[in-house]
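The values are calculated or read from the model by the stated rules, or taken from the named source; none is laboratory data. Values in this document were obtained by computation on a predicted structure and should not be read as measured data. Glycine also receives a Cβ, built like all others from the backbone with ideal geometry; neighbour counts cover every protein chain displayed. We work out accessible area using only protein heavy atoms, side chains counted, and drop any ligands, DNA or RNA first. Shrake-Rupley method; radii C 1.70, N 1.55, O 1.52, S 1.80 Å.
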Amino acid sequence: LVDFGAAGRVTGSANDIENVWNDVTTVVGSTSTGSLPSLLRTSGGSSSISLQMVSRFNGANENGTDFSTLFTATATRDSLYGNTELFGGAENITPIFKLTGLNPSTAYTLTLYASRTGVSDNRETRYTVTGEGARVGDLNVANNTDEAVVFSEMFPSASGELQVALTPGPNNDNANHFTYLGVLQLDWSSTPTPRPALSNPVVAGGSFSATVTGVAGKT
């Protein structure tokens, strides 16, 4: 669990008695060279996974919801943000970070969440997650309480990395085109998910057939 937000609103472990959190504050997130090594598991044990900034956030927003049922309030009420138009002395801020130290043979699930309350416009944020492949998901952060974007069965790159990029979604009509990220939850199984395999390809009479082997319900 990773809380993106202000230095004065960290989650850590003191504010969530059930889970240990990692905090990406502006100290880490507002520089393109920031990093958070050896992320802690929810149980408190260390992992081989690290977070490395690639392109910075602008700063922290502290106007998120206190009433989400998904995550603890200290994580949902703040976030880090980017912006396209000039704001706070910076423009064209498209935040990007990557998770390193992942197992290329393991499928990961990423849950991304953010909230910005007290607004009347659309602040849709598009999250692009890139590993072995790439997927996109959109979330309107404006007045959000319990919606999140979930990327399941994401395989890292051969070097064990997943990259997350934030850009304005197609419905974002905010004048500054703000984008936000408040929480990242990363889940995986200790047993690697077998990859689908294609075998016995046959072309006959203008038709193609093959055998696909995998796990039911997995793609």
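For segment 82-199, give the percent of accessible area contributed by carbon and sulfur heavy atoms, probe 1.4 Å, rounded to a whole number.
47
Cα atoms only: what Rg and Dmax, in Å, come out for segment 13-129?
Values for segment 13-129 (Cα only, Rg and Dmax): 15.2, 43 Å.
What does the net charge come to around Leu70 if you take all other residues with beta carbon closer than 11 Å to its beta carbon, with K and R at +1 and D and E at -1?
-2
Over the chain, how many percent of alpha carbon pairs lie in each 5 Å bin up to the one with the longest distance?
All Cα pairs, binned at 5 Å, distribute as 1, 7, 14, 18, 19, 15, 9, 6, 4, 3, 2, 1, 0, 0 percent.
I'd like the Karplus ³J(HN,Hα) series for segment 141-149: coefficients 6.51, -1.76, 1.60, θ = phi - 60°, whole numbers in Hz, and an x wherever there's a Gly or Pro.
Using θ = phi - 60°, the values come out as 6, 4, 6, 6, 10, 10, 9, 9, 9 Hz.
Ile17 to Ala90: FRET efficiency via 1/(1 + (r/R0)^6), r the Cβ-Cβ distance, R0 30 Å, to the nearest 0.05?
Working: r = 37 Å, r/R0 = 1.24.
It comes out at approximately 0.20.
In a shell of Cβ-Cβ distance under 15 Å around Asn19, excluding Asn19 itself, what net charge do Lys and Arg (+1) and Asp and Glu (-1) give?
-4
Once the piece of chain linking Ser35 and Asp146 is laid out straight, how much longer is it, given 0.36 nm per residue of separation minus the C-alpha distance between them? All intermediate terms of the calculation are to be shown ahead of the outcome.
Numbers: separation 111, 0.36 × 111 = 39.96 nm, distance 2.82 nm.
Additional length available on full extension: 37.1 nm.
Summing +1 for each Lys or Arg and -1 for each Asp or Glu, what net charge is found among the other residues whose Cβ lies under 15 Å from the Cβ of Ser159?
So the environment of Ser159 carries a net charge of -1.
Grab the beta carbon distance between Ala134 and Ala204, set R0 = 30 Å, and tell me the FRET efficiency rounded to 0.05. Write down the numbers at each step before the final one.
On the way: r = 35 Å, r/R0 = 1.16.
Here the calculated transfer efficiency is 0.30.
State in Å² the accessible area per residue of segment 46-98; use a 1.4 Å probe, count heavy atoms of protein chains only, and round to the nearest integer.
42
What span do the alpha-carbon atoms of segment 81-164 cover on each of the three principal axes, reported in whole Å from largest to smallest?
Extents along the principal axes: 43, 30, 16 Å.
For the peptides 6-14, 121-129, what is the packing order when you average, over each peptide's residues, the other Cβ atoms within 10 Å and list the highest mean first?
Values: 6-14: 15.4, 121-129: 19.9.
Packing order, densest peptide first, comes out as 121-129, 6-14.
For segment 1-56, take the convex hull of the Cα atoms, compute a quarter of its surface area, and give me that in nm², please.
If you wrap the Cα atoms of segment 1-56 in a convex hull and average its projections, you get 3.6 nm².
With n ≥ 4 as the cut-off for DSSP H runs, can you work out [θ] at 222 nm for the chain, using -39500 (n - 2.57) per run divided by the number of residues, rounded to the nearest 500?
Dividing the helical sum by the residues of the chain leaves -500 deg cm²/dmol.
Determine the distance separating the Cα centre of segment 56-93 from the Cα centre of segment 147-173; give it in Å without decimals.
Here the answer is 17 Å between Cα centres.
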